[in-house]
Amino acid sequence: MFDAIQWDADLIRRYDLAGPRYTSYPTAVQFHDDIGPFDLLHALRDSRKAGRPLSLYVHIPFCAHICYYCACNKVITKDRGRALPYLEKLEREIEILSRHVSKGQVIEQLHFGGGTPTFLSHDELRRLMQHLRKHFNLLDDDSGDYSIEIDPREADWSTMGLLRELGFNRVSLGVQDLDPQVQRAINRLQTLEETRAIIEAARTLQFRSVNIDLIYGLPKQTPERFAHTVAEVIALQPDRLSVFNYAHLPERFMPQRRINNEDLPTAAEKLAMLEASIEQLTKAGYRYIGMDHFALPDDELAIAQEEGTLQRNFQGYTTHGHCDLIGLGVSAISQIGDLYSQNDSDINNYQQSLGNAQLATRRGLHCNADDRLRRAVIQQLICHFELDFRSIEQAYAVEFRDYFSALWPDLQRLHSDGLIELNDQGIVVQPAGRLLVRSLCMLFDRYLNEQVRQRFSRVI
Ligand code: SF4
């Protein structure tokens, strides 16, 4: 099952379609505004009755500088005073939601994302964690997965010491590219030394895992320069690595308008960067988990994949897919049982709602039976590269081949092209199909049409 990825440029050209990353199915594009606070509270009541463990996501939207490639929900400001009013609203949200959760529901997973979570001062971070601990059942024996995104330009040893003391045991560092020319073109100047200092602090303070994010396809990148970045990052020995494709969509994301089209690498150069980085990472002992993610073999994600327990949620690959996920903060998404719900994406609206002691839930959807079935199929393929028809038939009381009969010609085409092995028992994604697993998942996506597809980037 863990054969190396087989690189097939011809297949990649033919099957690399724009599509979702499937951190959820249905994807957030399908959310509608008939979902509100009542639906969220109702779902939380069911979660409490079932006693399901919880995962918390906390969104801190502020950044002191703009990165030109950014497609996140963030607020660019140098005014640190903006954090406090936001923190107060977050605290209101924590108080309201925690009333609908039982103390028996343990917080197995916690993630602070952004923006830049360490935009908050040390006192503010301490205050936020105290508030979370007061209202939710956070573990205090270091057995939970408590992670935070770090911008190495906005953190130092003392920040890392504080985070460890507050209970964080995983960090994810944004690096993207180490080359000064690329960094200038994306307006993100960050030295290798800054990144190394944070990693050394994480190791010394016994954080359990360090993740680094890289992006290929950025302006001024060349295959040679990117290979150099990858080599330097490998030398830092992160436990996990994400290598994302930069999707240049300036019509949707304002900051990207500051990137010169002429500075972008060609499609052929991007392919070369991806191929070389996979080779470098594989040689260095990293395992391809799927969808842009790599991990060392002793990392929990790699082990979970081997044991068949890996899952995927809004935080990407996870070992906590069995938890209900509560999203806190502007634009944050919750996934509670069959409900997806999302907070207002406008910080003023978010703060105004919570200022009135009302939740800011604005959109979402309830999964129906068909969504649940397709979600299980997509999860299985994207996490494990194989699908046993019988397990789906037993869990969802359908005859797989009948249910998906319209897809069979497409599946057979993928089979004859060598992306998958298709037989009466199931599907096994072949090494040549692993980089393209998203295209396989897209076949099972009932909502995908041309218009929806245009909202997504390509795999490569
Ligand atoms: S990429 Fe990250 S650090 Fe840069 S502006 Fe966007 S959210 Fe902020």
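Read-outs throughout are calculated quantities, based only on the coordinates presented, and are distinct from any laboratory measurement. Keep in mind the model is a prediction, meaning the values are calculated, not measured. Note that each Cβ is placed from the backbone with ideal geometry, even for glycine, and that neighbours are counted across all protein chains shown.
Between GLN6 and ASP424, take the C-beta separation as r, use R0 = 22 Å, and let me know the FRET efficiency to the nearest 0.05.
Values: r = 25 Å, r/R0 = 1.12.
For GLN6 and ASP424, the calculated efficiency is 0.35.
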Placed amide H near LEU310: partners under 5 Å, 5+ positions off or other chain: GLN305
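Once you list every other residue whose beta carbon is under 11 Å from the beta carbon of ALA268, what net charge do they have if Lys and Arg are +1 and Asp and Glu are -1? If you can, show how the numbers build up before the last one.
On the way: positive: ARG13, LYS270; negative: GLU269, GLU275.
Charge balance near ALA268 sits at 0.
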Geometric extent, Cα atoms of the chain - Rg, Dmax (angstrom): 21.6, 61
Distance (nanometres) between label positions extended 7 Å along Cα→Cβ at SER158 and THR191: 2.0
Stretchable slack from SER345 to SER416, in nm (0.36 nm times residue separation minus alpha-carbon distance): 21.2 nm
Sorted by Cβ neighbour density within 10 Å, fewest at the top, the residues GLU93, GLU194: GLU194, GLU93
Amide H contacts of ILE60 (H built 1.01 Å from N, under 5 Å, at least 5 apart or other chain): GLY113, GLY114
Positive minus negative residues near GLY81 (Lys, Arg vs Asp, Glu; Cβ under 14 Å): -1
Relative contact order (%) - the stretch 146-291, alpha-carbon pairs under 8 angstrom, separation at least six: 23
Theoretical gain in end-to-end length, LYS283 to GLU386 [0.36 nm per residue, Cα-Cα removed]: 34.6 nm
Spin-label zone in the stretch 348-389 - amide nitrogen under 14 Å from a point set 7 Å from the Cα of ASP338 along the C-beta vector: 365-376
The chain - charge dipole about Cα centre, Lys and Arg +1 at Cβ, Asp and Glu -1, debye rounded to 20: 1120
Two-site label geometry, GLU262 and VAL29: point separation in nm, points 7 Å out along Cα→Cβ: 3.3
Bridge type composition, the stretch 30-328 - antiparallel percent by DSSP, nearest 5: 20
Residue-averaged 222 nm ellipticity for the chain, from DSSP H runs of 4+ at -39500 (n - 2.57), nearest 500: -11500 deg cm²/dmol
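Kindly rank 299-310, 325-336 from highest to lowest mean number of other beta carbons found within 10 Å of each residue. If you can, show how the numbers build up before the last one.
Values: 299-310: 18.0, 325-336: 24.6.
Put in order of decreasing packing, that is 325-336, 299-310.
To make sure I understand, if each residue's beta carbon is the centre and we count other beta carbons within 10 Å, what order do ILE198, ILE60, ILE107 fall in, fewest to most? Let's see the in-between values first.
Working: ILE198 25, ILE60 28, ILE107 21.
Arranged by neighbour count, lowest to highest, ILE198, ILE60, ILE107 become ILE107, ILE198, ILE60.
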Under-5 Å amide H pairs with TYR146, H placed in peptide plane, nonlocal only: LEU110, ASN169, ARG170
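Kindly point out which whole DSSP H helices in the chain project their C-alpha atoms 27 angstrom or further along the helix axis while averaging a Kyte-Doolittle hydropathy of 1.0 or above. Please list the in-between numbers first.
On the way: long enough: none.
Membrane-span-like by this rule: not one helix.
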log10 of Debye I(q)/I(0), alpha-carbon scatterers only, for the stretch 50-106 at 0.14, 0.15, 0.17, 0.28 Å⁻¹: -0.57, -0.62, -0.72, -1.16
Cβ-based net charge around CYS367, under 11 Å, with every Lys or Arg adding one and every Asp or Glu removing one: 0
Debye intensity ratio in log₁₀ form over the Cα atoms of the stretch 97-143, taken at each q of 0.18, 0.33 Å⁻¹: -0.65, -1.21
The stretch 1-156: C-alpha gyration tensor shape, a/c 1.5 cut-off, then a/b vs b/c: oblate
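Arranged by the count of other C-beta atoms within 10 angstrom, fewest first, what order do PHE119, PHE31, PHE38 take? Intermediate results must be reported in sequence, preceding the final value.
Working: PHE119 23, PHE31 18, PHE38 10.
With the sparsest Cβ surroundings first, the list reads PHE38, PHE31, PHE119.
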